[in-house]
Amino acid sequence: MQCELCGKEKNLTMAIIEGARMNVCSECSGFGKVLQRPVFVEQEKPKHKIYQQEKAPETVEMLVPDFGTKIRRVREKLGIDQDKFGQMIAIKASIVHKIETGEFKPDIDVAKKLEKLLKISLVTNYVEEKKVYTKDESGSLTIGDLIKKGK
Ligand SMILES: [Zn+2]
């Protein structure tokens, strides 16, 4: 390769001469700053993603934990048996039983119908905070864990 400054065929080093990066011979490199290694435009390394990306707050509709008990209490108060109740909401009596024992979680839509029908509160809005969760550094539960445990 030829020195970009003097044109001599020599082993070249990369140097910055008057602000320009050039391949020059050792003699010419004296005019500028010699770089030890080829310089690339250093890209900032992406930081290790400990944190999840921030999200806008999300409202998640969840059943109240004691939805089964609530349903059963009102049903019994109304003097309706599980069969009759099931017919009213187009659900099998066996499912009504499972719902009341908390064994089966009705869909939110179904729960909302029940709310209106029974005039009780079964669905709660859980607002996911605009907060980042660490990878369980503190040993505390993440939202994911809570949802898993809730099932
Ligand atoms: Zn030169």
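The values are calculated or read from the model by the stated rules, or taken from the named source; none is laboratory data. Because the structure is predicted, anything quoted here is derived from the model rather than measured. Ideal geometry is used to build each Cβ from the backbone, glycine not excepted, and the neighbour counts take in all protein chains shown.
For (1) away from the ligand (no atom under 16 Å from the Cβ); (2) at pLDDT below 85; (3) under 30 Å from V127 (Cβ atoms), each residue gets a yes or a no:
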| position | (1), (2), (3) |
| --- | --- |
| M1 | no, yes, no |
| L12 | no, no, no |
| G32 | no, yes, no |
| F40 | yes, yes, no |
| Q43 | yes, yes, no |
| K49 | yes, yes, yes |
| E61 | yes, no, yes |
| G79 | yes, no, no |
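Output the residue which, of all residues in the range 86-127 that are of a type in the set (A, V, I, L, M) and outside any helix (DSSP H, G or I), is farthest from L63 (Cα to Cα). Before the answer, list the steps.
Our first condition is that a residue be of a type in the set (A, V, I, L, M); within the range 86-127, this holds for 88-91, 93, 95-96, 99, 108, 110-111, 114, 117-118, 120, 122-123, 127.
Those left that are additionally outside any helix (DSSP H, G or I): 89-91, 120, 122-123, 127.
On the way: I89: 17, A90: 19, I91: 18, I120: 12, L122: 6, V123: 5, V127: 13 Å.
Across the range 86-127, the extreme among qualifying residues is A90.
For G7, state whether it is modelled with pLDDT of 90 or more, surrounded by fewer than 12 Cβ atoms within 10 Å (Cβ to Cβ) and more than 16 Å from the ligand (Cβ to nearest atom).
Working: modelled with pLDDT of 90 or more: yes; surrounded by fewer than 12 Cβ atoms within 10 Å (Cβ to Cβ): yes; more than 16 Å from the ligand (Cβ to nearest atom): no.
Against the criterion (modelled with pLDDT of 90 or more, surrounded by fewer than 12 Cβ atoms within 10 Å (Cβ to Cβ) and more than 16 Å from the ligand (Cβ to nearest atom)), G7 does not qualify.
Quick one: what pairs do we get from the range 57-73, first residue exposed (fewer than 12 other Cβ atoms within 10 Å of the Cβ), second among the β-branched types (V, I, T), C-beta under 8 Å, 6+ apart or different chains?
Listed by first residue and then by second, the contacts come to P57/V127; E58/V127; T59/V127.
Which residues, counting only those in the range 61-73, are closer than 15 Å to H97 by Cβ and of a type in the set (V, I, T)?
The answer is T69, I71.
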